[in-house]
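Derivation of every value follows stated rules applied to the coordinates shown; laboratory data play no part. Small disclaimer: the values here were computed from a predicted structure and weren't measured. Cβ coordinates were reconstructed from backbone atoms using ideal geometry, including for glycine residues, and neighbour counts include every protein chain displayed.
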Amino acid sequence: MWHLELLEAPLLDGREHANAIDTLIDQLKGREPRFVELARTIKPASITIYGGFYVSDEQQGVWLDASQMAVLAACGIGWGLDLFEATMLS
């Protein structure tokens, strides 16, 4: 398992989420051939990014733009996401 923790503090707004996703995708860029080799050699059942986001009462979204989706697709990586209420932080 590969583990990357971007920040200790929970991310609470859309801009923080977007910046964290950009950082994560940047870690994958250029490594697409390695993920293809991983899938071919080890044959895992799946390669998935799992994340959790805290959301407040305000309307917020989690999104990936086309270039980010292209990197994930080139790596053969799925995307899983859980949303948690910010009140769970108290």
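Around W79, which amide H atoms from residues at least 5 apart in sequence, or from another chain, sit under 5 Å from its own amide H, with H modelled in the peptide plane?
I49
How much net charge surrounds P44 when only other residues with a Cβ under 15 Å from its Cβ are counted (Lys, Arg +1; Asp, Glu -1)?
Values: positive: R34, R40, K43; negative: E37.
Local net charge: +2.
With θ set to phi - 60° and the Karplus curve 6.51 cos²θ - 1.76 cosθ + 1.60, what are the ³J(HN,Hα) couplings of the stretch 35-51 in order, to the nearest whole Hz, using x for Gly and Pro?
Calculated HN-Hα couplings, in order: 5, 4, 5, 4, 5, 6, 7, 8, 6, x, 4, 7, 10, 9, 8, 10, x Hz.
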